[in-house]
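Peer 1: Attaching a single structure in structure tokens format; questions to follow.
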Amino acid sequence: MSHQPSPDATLVILTGAGISAESGLRTFRAEDGLWEEHRIEDVATPEGFRRDPDLVHRFYNERRRRLAEAQPNPAHEALARLEATWPGEVLLVTQNVDDLHERAGTRNLVHLHGELLKARCEACRNVVPWPGDLDRTTVCPGCGCSGRMRPHIVWFGEMPLELDRVGEALARCALFAAAGTSGHVYPAAGFVELVEIKTHTVELNLQPSAISHAFREQHLGFATETVPRWVEGLLQGIGRS
Ligand code: APR
Ligand code: ZN
């Protein structure tokens with residue numbers, strides 16, 4: 001039975017790698033996962049970057065190239081339609097570093113773990129759009145330093161971005177949904193425990209996750225089927241479908 005929040009309600013939706021899987025971008029913890037060819041500590045930690053920056057730059061350069069060939073899928077599009085049609089605020093909080101939510105039309109968006117198409121200078125902290133390759137000789141367009149640019153990605157052991165903005169929205173939302181996340185990585189996996197007791201919680205995932213127990217409503221299946229159907233139900237409930 002789907003729950004119907006009032007039209008002025010704030011909705012917060014957390015997404016993970018599962019929502020981009022059907023766009024051809026690999027998830028992290030499936031058997032064919034991204035980490036197969038690389039150990040997490042080698043490509044997703046500050047220590048790994050210090051140890052072998054060329055390996056880390058190659059890893060993210062390859063992911064940027066793969067992202068350029070990917071397209072948003074019906075799940076991304078349904079969430080963009082929800083934001084455009086829902087009268088209250090819809091905040092999308094993604095753990096994904098791809099730009100598929102933006103390309104589908106989502107505007108009110110937090111990239112908790114950074115963005116693949118941006119780079120950051122370790123000398124001046126400047127963050128710039130970066131669709132192309134990065135390497136050890138790249139010059140910072142801000143301060144002119146060379147060799148100090150890194151992917152604008154939050155690595156393990158680093159602080160996720162905009163947590164205060166997310167916490168504020170979680171405290172006042174009437175509905176919290178999680179789509180395509182295995183619930184293994186904190187703080188995102190703990191968001192469902194932070195919402196008010198009266199907040200309705202919905203999980204949309206291919207299979208049960210590590211946090212399924214915390215959700216009142218669950219839709220199992222492919223995101224390109226479950227997310228559009230769930231969004232349609234919400235919009236029909238307020239006569240806006
Ligand atoms: N439709 C819906 N769900 C899917 C689909 C699909 N087509 N394919 C996979 N899933 C589900 C899987 O069942 C799994 O529960 O998506 C989830 C993906 O889990 P992970 O690979 O662990 O990705 P995520 O939860 O986003 O990882 C969180 O961990 O590695 C770090 O920073 C990285 O942001 C990432 C974080
Ligand atoms: Zn700089």
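Peer 1: Check the range 137-156 and report whether any residue there is within 16 Å of ligand 1 (Cβ to nearest atom), among the aromatic types (Phe, Trp, Tyr) and more than 12 Å from the chain's Cα centre (by Cα).
Peer 2: Among the residues of the range 137-156, at least one is within 16 Å of ligand 1 (Cβ to nearest atom), among the aromatic types (Phe, Trp, Tyr) and more than 12 Å from the chain's Cα centre (by Cα), which makes the answer yes.
Peer 1: If you don't mind, another one. Do any residues in the range 127-143 that are within 16 Å of residue 62 (Cα to Cα) have Cβ atoms under 6 Å from those of residues that are more than 10 Å from ligand 2 (Cβ to nearest atom) and outside any strand (DSSP E or B), where the two are at least six apart or on different chains, and which pairs are they?
Peer 2: 133/61; 134/57; 135/57; 136/53; 136/147
Peer 1: Right, something else. Among what's in the range 150-174 and is in contact with a Ser or Thr (Cβ under 7 Å, 6 or more places away or on another chain) and on the phi < 0 side of the Ramachandran plot, pick the residue that is farthest from ligand 2 (Cβ to nearest atom).
Peer 2: Among residues in the range 150-174 that are in contact with a Ser or Thr (Cβ under 7 Å, 6 or more places away or on another chain) and on the phi < 0 side of the Ramachandran plot, the one farthest from ligand 2 (Cβ to nearest atom) is 174.
Peer 1: Now a separate question. Just the residues that are hydroxyl-bearing (Ser, Thr, Tyr) and either under 17 Å from residue 181 (Cβ atoms) or near ligand 2 (Cβ under 9 Å from one of its atoms) (or both), please, taken from the range 91-149.
Peer 2: Of everything in the range 91-149, those that are hydroxyl-bearing (Ser, Thr, Tyr) and either under 17 Å from residue 181 (Cβ atoms) or near ligand 2 (Cβ under 9 Å from one of its atoms) (or both) turn out to be 94, 106.
Peer 1: Shifting gears a bit: For the range 166-190, give me each residue that is of a type in the set (A, V, I, L, M, F, W, C) and closer than 19 Å to residue 79 by Cα.
Peer 2: Residues of the range 166-190 of a type in the set (A, V, I, L, M, F, W, C): 166, 169-171, 173-179, 185, 188-189.
Matches in the range 166-190: 166, 169, 170, 173, 174, 175, 176, 177, 178, 179, 188.
Peer 1: Still on this structure, please answer the following. Could you tell me which numbered condition residue 196 fails, if it satisfies all but one of (1) near ligand 1 (Cβ under 9 Å from one of its atoms); (2) among the charged types (D, E, K, R); (3) loosely packed, with under 13 Cβ neighbours inside 10 Å?
Peer 2: Here residue 196 clears every test but (1).
Bear in mind that the values in this text are calculations on the coordinates, not laboratory data. All values reported here derive from a predicted model rather than from experimental measurement. Note that each Cβ is placed from the backbone with ideal geometry, even for glycine, and that neighbours are counted across all protein chains shown.
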